[in-house]
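A quick write-up on the structure given underneath.
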Amino acid sequence: MDFQIRPALPTEYTALGEITATAYLHDGLLDFGASDAYLEELRDVAKRAAAAEVLVALRDDTVLGGVTFVPSGGPMADLAREGEAEIRMLAVAHAARGRGVGEALVRACVDRARGVDGCERLILSTQRTMRAAHRVYERLGFVRTPDRDWNPLPEPDDITLLTYELSL
């Protein structure tokens with residue numbers, strides 16, 4: 001592995017925010033009428049870091065990607081219930097894809113979840129089109145939980161997010 005995973009530093013927030021926003025835009029993940037407000041939410045790493053743990057993948061001093069780990073249904077959780085942690089806003093810079101960065105970030109979240117007292121499951125939401133991510137999740141032991149699929153937008157928009165969980 002030619003990169004490291006660690007908690008993001010405030011000096012890395014801008015770079016990670018841009019990687020996250022760019023990844024969501026270029027991967028077509030904001031086709032569901034995302035407002036500028038959600039794009040700003042993706043860029044606002046400082047806000048996430050104040051409420052959860054933001055991890056970065058780095059090579060030398062270059063941010064390659066990041067993820068938000070939400071332990072035990074913290075304020076950044078979309079779905080996590082008692083006894084669950086959640087992965088949010090996983091993004092890898094286009095130039096760093098295919099090198100195991102996303103998988104390493106997910107593994108880091110699994111390790112953190114295992115270290116949280118009383119945490120029995122790690123959950124995440126993903127879009128149908130994120131097939132490469134689905135393969136990573138399944139390879140790591142996550143299973144689909146269709147009964148928890150959800151739509152983050154008000155009706156009539158249909159952007160059903162798929163959910164996965166890993167029993168710890």
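The values are calculated or read from the model by the stated rules, or taken from the named source; none is laboratory data. Just so we're clear, the structure is a prediction, and the values are computed from it rather than from any experiment. Positions of Cβ are backbone-derived with ideal geometry, glycine not excepted, and every protein chain shown enters the neighbour counts. These accessible areas exclude ligands, DNA and RNA; they are computed on the full protein's heavy atoms, side chains included. Shrake-Rupley method; radii C 1.70, N 1.55, O 1.52, S 1.80 Å.
Quick look at the numbers
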| read-out | value |
| --- | --- |
| Whole-number percent relative contact order across the chain, with pairs defined as alpha carbons under 8 Å at least 6 apart | 19 percent |
| For region 51-168: accessible area per residue (Å², 1.4 Å) | 48 Å² |
| Accessible-area ranking of 134, 94, largest first, probe 1.4 Å | 94, 134 |
| Accessible carbon and sulfur surface of the chain relative to its total accessible area, %, 1.4 Å | 49 percent |
| In Å², nearest 10: area of residue 111 left accessible to a 1.4 Å probe | 100 Å² |
| Helical mean residue ellipticity (222 nm; -39500 (n - 2.57) per DSSP H run of 4+; nearest 500) of the chain | -9000 deg cm²/dmol |
| Rough spin-label spacing in nm, given labels placed 7 Å along Cα→Cβ, for residue 9 and residue 139 | 3.0 nm |
